[in-house]
1. Which of the residues belonging to the stretch 104-125 are at pLDDT below 95 and either crowded, with 18+ Cβ neighbours inside 10 Å or touching a Leu at 6+ places or on another chain (Cβ under 6 Å) (or both)?
2. Looking only at the stretch 125-157, count how many residues are closer than 21 Å to ASP15 by Cβ and assigned to a loop (DSSP other than H, G, I, E, B).
3. For the stretch 104-124, which residues satisfy the criterion of being closer than 22 Å to ASP15 by Cβ, of a type in the set (A, V, I, L, M) and part of a strand (DSSP E or B)?
4. Can you list the helices (runs of 4 or more DSSP H) found entirely within the stretch 10-103 that contain at least 3 residues being surrounded by fewer than 23 Cβ atoms within 10 Å (Cβ to Cβ), at negative phi and charged (D, E, K, R)?
5. Which of (1) out of contact with any strand residue (DSSP E or B) (no Cβ under 8 Å at 6 or more places or on another chain); (2) modelled with pLDDT under 95 does MET1 not meet, given it meets every other one?
6. Give the residues of the stretch 17-36 that are within 16 Å of VAL158 (Cβ to Cβ) and not hydrophobic (A, V, I, L, M, F, W, C), sorted by residue number.
7. Could you list, ordered by first residue, the pairs with Cβ atoms under 8 Å in which the first is in the stretch 87-99 and touching a residue at least 12 places away in the same chain (Cβ under 8 Å) and the second is aromatic (Phe, Trp, Tyr) and in a loop (DSSP other than H, G, I, E, B), at least 6 apart or interchain?
Amino acid sequence: MTRLLFVHGAGGEDDDEPLAEGLGSLLGATVDMPRIPSDDMSVEAWAGPIRRGLEASPDLVIAHSFGATVLLHVLASVPVPAATVLAMPDWSAAGWDVPQYEWPTVPSEVSLTLHHCRDDDVVPFSHLALASAQLPDARVVEHQRGGHQFDGAVGEVVASMRL
């Protein structure tokens, strides 16, 4: 059975569960979603559970929002062949301007795909262009609808994945 590591966003332990389960169902994968509490929002606090998830050698890695940010930090030292990130904020001065969350350089051997919905009301759609400028090798997929939780767009995410 295919194994999916899904990294939820900040406060998304419950909110992201339908997204993770929907992806797992369409991918025919069992979902491992470490529940990371939002009481410590440091990169290091979130990186530990993500590293442990990667140690289990998942077949697929998908991360959402803040979880995607921390995944990129982890991938700088623990690369995987491919990762899909959904609605990832940009933390540079051009985005939300929070230097502690700015991503490091991701190794070129990691095949990244960035997804964002135009109607996301949490992370502005403009962050996708900022991310793609900083991650020029990443594949970019725009979705017309779906909001921050990719409601109704999960099938499009799966259809665009290169499995």
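The values are calculated or read from the model by the stated rules, or taken from the named source; none is laboratory data. These figures come from a predicted structure and were not determined experimentally. When we count neighbours, we look across all protein chains shown, and the Cβ atoms used for this are built from the backbone with ideal geometry, even at glycine.
1. VAL106
2. Total meeting the criteria: 10.
3. Within the stretch 104-124, just LEU114 meets the criteria.
4. 12-15, 43-55
5. Result: MET1 passes all but (1).
6. Within the stretch 17-36, PRO18, GLU21, GLY22, GLY24, SER25, GLY28, THR30 qualify.
7. Correct list of pairs: ALA87/PHE150; PRO89/TRP96; ASP90/TRP96; TRP91/TRP103.
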